[in-house]
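The values are calculated or read from the model by the stated rules, or taken from the named source; none is laboratory data. What you see is a predicted model, and the numbers here were worked out from it, not measured in a lab. Glycine also receives a Cβ, built like all others from the backbone with ideal geometry; neighbour counts cover every protein chain displayed.
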């Protein structure tokens, strides 16, 4: 049973097919809707609230002919003490797949271990693979120029500024290496990549294959993409004051962006807090492609679901 729990769950060739499928779904959205999920129900288990993730998955499942079933942690016994193993085995008898947005990466891995349907990681504190695949598609649309989408990413430099140990930064370390990109993460001391993501990199033979610096000017030099995220993620609210003070030098400003390549793109997975991690000038500039990123969550996730749905069910 294939799952999508981290960026490397698809081989390079499988990822290539997913990228091509996402581009096709986008191109033909208004004229052709292949019902690859016809007759299927996919459960969406969300322990964390969201806008883009929930809406894009619900719409995507519907457009593929399926039925999305939204479940908050309070809607199921998992939030009241039932084991993950039992939840996985029961839900596998009812639905055709699980989409999970939660805190601990171990939870999605446990659901995949015990269930008999595909599991999709819609975000954990460790990784956000659907976001990175959609982001990479957004970049490739600008660089492929009629060539292969995945190949257009090779050698490109993406720089993440802010909390260099957050889930999006982790996913860029893993996904960027998987796509053959140069990855630089930049943030204050105490916010470097953690042991868990370094272990994943080492497992794939990519130990140390990234740049980490505390100097934002050094980081963005020669960048094709300058990327940031909120400084205070869900679950980190108690650290707000310390985080805002530590991250202030890493705000993406027009002056900083000018140190990247002249045609560098600015990206943010949203929601963005203008005046904190990025200035309004950059967020609203022609270099900003944040709403293209948001749209591509829909198309990429449809491609991921279609790839998983077309495998035999055990």
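Based on this model, can you work out whether residue 134 counts as at pLDDT 95 or above and either in contact with a strand residue (DSSP E or B) (Cβ under 6 Å, 6 or more places away or on another chain) or assigned to a loop (DSSP other than H, G, I, E, B) (or both)?
no
Output yes when any residue across region 202-210 is closer than 14 Å to residue 184 by Cβ and surrounded by fewer than 17 Cβ atoms within 10 Å (Cβ to Cβ), and no when none is.
yes
Restricting the search to region 199-229, which residues are part of a helix (DSSP H, G or I) and more than 25 Å from residue 271 (Cα to Cα)? Spell out how you get there, then give the answer.
Our first condition is that a residue be part of a helix (DSSP H, G or I); within region 199-229, this holds for 199-203, 216-220.
If the condition is that a residue be part of a helix (DSSP H, G or I) and more than 25 Å from residue 271 (Cα to Cα), then 199, 200, 201, 202, 203, 218 are the ones that fit.
Within region 257-280, is there a residue that is crowded, with 17+ Cβ neighbours inside 10 Å and without any contact (Cβ under 8 Å) to a residue 24 or more places away in the chain?
No, every residue in region 257-280 fails to be crowded, with 17+ Cβ neighbours inside 10 Å and without any contact (Cβ under 8 Å) to a residue 24 or more places away in the chain.
Listed here are the residues, each with its yes/no results for (1) buried (at least 16 other Cβ atoms within 10 Å of the Cβ); (2) touching a strand residue (DSSP E or B) at 6+ places or on another chain (Cβ under 6 Å).
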{"position": "9", "(1), (2)": "yes, no"}
{"position": "36", "(1), (2)": "yes, no"}
{"position": "54", "(1), (2)": "yes, no"}
{"position": "71", "(1), (2)": "yes, yes"}
{"position": "75", "(1), (2)": "no, no"}
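Go through the residues of region 77-97 one by one and say whether even a single one is under 26 Å from residue 25 (Cβ atoms), in contact with a strand residue (DSSP E or B) (Cβ under 7 Å, 6 or more places away or on another chain) and either part of a helix (DSSP H, G or I) or at pLDDT below 95 (or both).
no
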